[in-house]
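The values are calculated or read from the model by the stated rules, or taken from the named source; none is laboratory data. Nothing here was measured: the structure is a model prediction, and the numbers come from that model. Please note: Cβ atoms are built from the backbone with ideal geometry, for glycine as well, and neighbour counts cover all protein chains shown. Please note that ligands, DNA and RNA were not included when accessible areas were found on the heavy atoms of the full protein model with its side chains. Shrake-Rupley method; radii C 1.70, N 1.55, O 1.52, S 1.80 Å.
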Amino acid sequence: MSNFTTFRALATIGRNTLGRFQYCAFSYPNQYGVNRLYSQSTTTQTDGTMEDYKNAKSVYDFTVKDSQGADVSLEKYRGKVLLIVNIASQCGLTKGNYAELTELSQKYADKDFKILSFPCNQFGGQMPEGDGEEMVCHLRSAKAEVGDVFAKIKVNGDDADPLYKYLKHKQGGILGDSIKWNFSKFLVNKDGQPVDRYAPTTSPKSIVKDIDKLLEA
């Protein structure tokens, strides 16, 4: 059964005049193994701790923020195959990617595999939802089980999260290293090394063979 079917609504959803979520709270087993009550959060962006990203040995050298602003060391994912994705809620690619990422999450639920989703609003302002309860409400409404979801970040420019600077440094793109759009994907092996990069238009399900190869290694 999907984790999203275990959500228990503790309050009704209200909307303000702009149509944004005003209040929504849910208690559920979150990605860090504990129950958390989601309510209003003012966190807007994550700050990595590994600024000298070129010297990083693996993704395990980085610390990111969860949707409530708490530090999460990527060391916790040691030994797992990771698919790292910058997500957005209002992109033309959203529906297909949400559906297929959900399929991957369910397919590999009992395997050493995890999707790490980083909301990003840099491309056309297509991820307007805030961190915390607003993000939870959005993903629940979309029935999107997209793995572990972190605080909103920037993926390009001087203010890009150090993790993404590292990923782009290790796996450059065809037309330059910058992230081209929402739903760019990086595949990381069990040693924390980025081994492949996929375009926004690449179907998550088409990556299954690459995931299986890393899981069997």
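Applying the criterion of being in a loop (DSSP other than H, G, I, E, B) and of a type outside the set (Gly, Ala, Ser) to the residues of the stretch 190-217, the residue that is least open to solvent (accessible area, probe 1.4 Å) is 200. Could you tell me whether any residue of the stretch 40-52 is open to solvent by 80 Å² or more (accessible area, probe 1.4 Å) and modelled with pLDDT of 95 or more? Checked the stretch 40-52: no residue is open to solvent by 80 Å² or more (accessible area, probe 1.4 Å) and modelled with pLDDT of 95 or more. The condition of being out of contact with any helix residue (DSSP H, G or I) (no Cβ under 8 Å at 6 or more places or on another chain), closer than 23 Å to residue 160 by Cα, part of a strand (DSSP E or B) and open to solvent by 30 Å² or more (accessible area, probe 1.4 Å) holds for only one of 57, 65, that being 65.
Do we have residue 1 as of a type outside the set (D, E, K, R), at pLDDT 50 or above and part of a loop (DSSP other than H, G, I, E, B) here?
Working: of a type outside the set (D, E, K, R): yes; at pLDDT 50 or above: no; part of a loop (DSSP other than H, G, I, E, B): yes.
Taking the combined requirement at face value, the residue does not satisfy it.
Can residue 171 be described as closer than 21 Å to residue 202 by Cα and over 15 Å from the mean Cα position of the chain (by Cα)?
Numbers: closer than 21 Å to residue 202 by Cα: yes; over 15 Å from the mean Cα position of the chain (by Cα): yes.
Criteria met by residue 171.
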